[in-house]
1. State all residues of region 2-19 that are within 14 Å of Ile109 (Cβ to Cβ) and open to solvent by 80 Å² or more (accessible area, probe 1.4 Å); if no residue qualifies, say none.
2. When you check Val60 against the structure, is it in a helix (DSSP H, G or I), open to solvent by less than 70 Å² (accessible area, probe 1.4 Å) and either out of contact with any Asp or Glu (no Cβ under 9 Å at 6 or more places or on another chain) or not aromatic (Phe, Trp, Tyr) (or both), yes or no?
3. In region 98-111, which residue that is of a type outside the set (Gly, Ala, Ser) and surrounded by fewer than 15 Cβ atoms within 10 Å (Cβ to Cβ) is farthest from Tyr67 (Cα to Cα)?
4. Among the residues of region 69-125, which ones are in contact with a Leu (Cβ under 7 Å, 6 or more places away or on another chain), in a helix (DSSP H, G or I) and either of a type outside the set (Ser, Thr, Tyr) or on the phi > 0 side of the Ramachandran plot (or both)?
5. Among the residues of region 28-45, which ones are hydrophobic (A, V, I, L, M, F, W, C) and open to solvent by less than 80 Å² (accessible area, probe 1.4 Å)?
Amino acid sequence: MPLWYDIVQTLALTLSGIANAVLSLAVVQTMFILMVDPPSGGVPASSWTFAGVVIVLGAVGVYLGRYLRFNSWDVRHPASMLRKLVAHLRQRGKALEAGGFVLTHALLIALLYVPLFSLAWTALL
């Protein structure tokens, strides 16, 4: 297989994952708006706070899965997860690495999500 095939496949899967994250969050934020803070014009500030928290938690989840190799079933053993997390973050430079990764990932998703959701919301109204 040529190298370009691997590059195109990886890029396609990455973009698919980001698109799924953005679309899923848009659905959840819309439900939040309709259930908690019905619209009266623009997008309510409380829903942006909710979306921001979800984006940051998603970035933390990506870090935990990518670097600590946690999976969804690891939640069944929270004490073991916490021990691994604390041991990881106590290593030199790992807390800074984790913070940088979470911040960068959250900013990337937010920079894609906020304009798209705002545009879609104004189109719905």
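1. If the condition is that a residue be within 14 Å of Ile109 (Cβ to Cβ) and open to solvent by 80 Å² or more (accessible area, probe 1.4 Å), then Leu15 is the only one that fits.
2. Working: in a helix (DSSP H, G or I): yes; open to solvent by less than 70 Å² (accessible area, probe 1.4 Å): yes; either out of contact with any Asp or Glu (no Cβ under 9 Å at 6 or more places or on another chain) or not aromatic (Phe, Trp, Tyr) (or both): yes.
The answer is yes for Val60.
3. Looking only at region 98-111, we keep the residues that are of a type outside the set (Gly, Ala, Ser), and these are 101-105, 107-109, 111.
Next, only the ones that are surrounded by fewer than 15 Cβ atoms within 10 Å (Cβ to Cβ) stay: 103-104, 107-108, 111.
Numbers: Leu103: 15, Thr104: 15, Leu107: 19, Leu108: 18, Leu111: 23 Å.
In this case the residue turns out to be Leu111.
4. The first filter runs over region 69-125 and keeps only residues in contact with a Leu (Cβ under 7 Å, 6 or more places away or on another chain), leaving 70, 84-85, 88, 95, 98, 113.
Narrowing the set further to residues that are in a helix (DSSP H, G or I) leaves 84-85, 88, 95, 98, 113.
Hits for region 69-125 are Lys84, Leu85, His88, Ala95, Ala98.
5. Going residue by residue through region 28-45, those that are hydrophobic (A, V, I, L, M, F, W, C) are 28, 31-36, 43, 45.
If the condition is that a residue be hydrophobic (A, V, I, L, M, F, W, C) and open to solvent by less than 80 Å² (accessible area, probe 1.4 Å), then Val28, Phe32, Ile33, Val43, Ala45 are the ones that fit.
Table: residues versus (1) under 30 Å from Thr30 (Cβ atoms); (2) not small (Gly, Ala, Ser).
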{"site": "Ala45", "(1), (2)": "yes, no"}
{"site": "Trp48", "(1), (2)": "yes, yes"}
{"site": "Gly52", "(1), (2)": "yes, no"}
{"site": "Phe70", "(1), (2)": "yes, yes"}
{"site": "Arg83", "(1), (2)": "no, yes"}
{"site": "Gly100", "(1), (2)": "no, no"}
{"site": "Ala106", "(1), (2)": "yes, no"}
{"site": "Leu112", "(1), (2)": "yes, yes"}
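Condition check ((1) more than 16 Å from the chain's Cα centre (by Cα); (2) modelled with pLDDT under 95; (3) not β-branched (Val, Ile, Thr)) across all residues:
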site: Leu11; (1), (2), (3): yes, yes, yes
site: Thr14; (1), (2), (3): no, yes, no
site: Ile18; (1), (2), (3): no, yes, no
site: Thr30; (1), (2), (3): yes, yes, no
site: Val36; (1), (2), (3): yes, yes, no
site: Gly41; (1), (2), (3): yes, yes, yes
site: Gly52; (1), (2), (3): no, no, yes
site: Ile55; (1), (2), (3): no, no, no
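The values are calculated or read from the model by the stated rules, or taken from the named source; none is laboratory data. Note that this is a predicted model, so its numbers are computed, not measured. With ideal geometry, Cβ positions are generated from the backbone for all residues, glycine too; neighbour counts draw on all protein chains shown. All accessible areas refer to the heavy atoms of the entire protein, side chains included, with ligands and DNA or RNA removed. Shrake-Rupley method; radii C 1.70, N 1.55, O 1.52, S 1.80 Å.
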